[in-house]
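Asker: First the structure, then my questions, so here it is.
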Amino acid sequence: MRVVIAEDSVLLREGLTRLLTDLGHDVVAGVGDGEALIKTVGDLAGRGELPDVVVADVRMPPTHTDEGVRAAVRLRKDYPQIGVLVLSQYVEERYATELLAGSSRGVGYLLKDRVAEVREFVDAVVRVAQGGTALDPEVVAQLLGRSRKQDVLAGLTPREREVLGLMAEGRTNSAVAKQLVVSDGAVEKHVSNIFLKLGLSPSVGDHRRVLAVLTYLNS
């Protein structure tokens, strides 16, 4: 896996580089601000060496507000084949919503605390690089809780809501079944019911798993 890391904290950037490198991944560049991230990816694209995934902090110089997420959103538009995983100190709903507003392919939003959970963090990076989704449980909880329009999810049972939250974290049906201690078949039935109740037709394919969580954002 080829990775570009954008993080203004040198200590964290070097730590992420060491972590991923020790596990056999190739960190092709490390930068400290949003402009450098866009330029670096552009240079790599010009050489036909696009990374598989970019890991970027939400807040970076010069203003430490939204430079990182704005760069991430731009990269998703310019290079949709690249996975983008953003890290944040806190759940910032506006930034999460902006990042997730387009295609659901290859996107992630994690809290920095998750980096300490090495296996889960690396699994999330790999999943995003492969076109999957990795949403922090706290992000999912706040995004779902933010909606005041109960009509969107009102038709779901408590169990279906629980399954939906685990799906949004990037869990497979088997992983959901293991977490809830139920059969794979039971999870498949819940997932089918969720798609049906949210009006997500088979025509949208595998992305229904993410759209099921994000439907309310466009309501």
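Asker: Among the residues of segment 77-113, count how many are basic (Lys, Arg) and either modelled with pLDDT of 90 or more or in contact with a Pro (Cβ under 9 Å, 6 or more places away or on another chain) (or both).
Answerer: Residues that pass the stated criteria total 1.
Asker: Could you please let me know if Leu11 is assigned by the TED database to the domain that holds Val91, assigned to a helix (DSSP H, G or I) and under 21 Å from the mean Cα position of the chain (by Cα)?
Answerer: Answer is no for this residue.
Asker: May I ask you to verify whether Val204 is of a type in the set (A, V, I, L, M), modelled with pLDDT under 75, closer than 20 Å to Glu120 by Cα and assigned to a helix (DSSP H, G or I)? Quick ask: steps written out before the conclusion?
Answerer: Numbers: of a type in the set (A, V, I, L, M): yes; modelled with pLDDT under 75: yes; closer than 20 Å to Glu120 by Cα: no; assigned to a helix (DSSP H, G or I): yes.
When the stated conditions are applied, Val204 does not pass them.
Asker: Under 9 Å between Cβ atoms, which residue pairs at least 6 apart in sequence (or on different chains) link something in segment 189-201 that is closer than 11 Å to Leu153 by Cα and in the same structural domain as Thr172 (by the TED database) with a partner that is assigned to a loop (DSSP other than H, G, I, E, B) and open to solvent by less than 30 Å² (accessible area, probe 1.4 Å)?
Answerer: If the second residue must be assigned to a loop (DSSP other than H, G, I, E, B) and open to solvent by less than 30 Å² (accessible area, probe 1.4 Å), the pairs left are Ile194/Leu156; Ile194/Leu200; Lys197/Leu153; Lys197/Leu156; Leu198/Val152; Leu198/Leu153; Leu198/Leu156.
Results for (1) exposed (fewer than 14 other Cβ atoms within 10 Å of the Cβ); (2) under 25 Å from Pro137 (Cβ atoms), shown as yes or no for each residue.
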position: Gly24; (1), (2): yes, no
position: Arg47; (1), (2): yes, no
position: Leu50; (1), (2): no, no
position: Asp57; (1), (2): no, yes
position: Val73; (1), (2): no, yes
position: Val86; (1), (2): no, yes
position: Gln89; (1), (2): yes, yes
position: Glu98; (1), (2): no, yes
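Asker: Take Gly24 and tell me if it is among the small types (Gly, Ala, Ser) and in contact with an Asp or Glu (Cβ under 7 Å, 6 or more places away or on another chain).
Answerer: no
Asker: Just one of Val118, Val181 is at pLDDT 85 or above, surrounded by fewer than 15 Cβ atoms within 10 Å (Cβ to Cβ), among the hydrophobic types (A, V, I, L, M, F, W, C) and outside the structural domain of Val54 (by the TED database); which is it?
Answerer: Val181
Asker: Separate question: State the number of residues belonging to segment 79-108 that are under 19 Å from Val41 (Cβ atoms) and part of a strand (DSSP E or B).
Answerer: Of the residues in segment 79-108, 7 are under 19 Å from Val41 (Cβ atoms) and part of a strand (DSSP E or B).
Asker: Separate question: Answer with yes or no whether His64 is open to solvent by 30 Å² or more (accessible area, probe 1.4 Å) and at pLDDT 95 or above.
Answerer: Here the answer is no, as His64 does not meet what is asked.
The values are calculated or read from the model by the stated rules, or taken from the named source; none is laboratory data. Nothing here was measured: the structure is a model prediction, and the numbers come from that model. Quick reminder, even Gly has a Cβ in these numbers, built from the backbone with ideal geometry, and neighbours come from all protein chains shown. Side chains included, ligands, DNA and RNA excluded: accessible areas come from the protein's heavy atoms. Shrake-Rupley method; radii C 1.70, N 1.55, O 1.52, S 1.80 Å.
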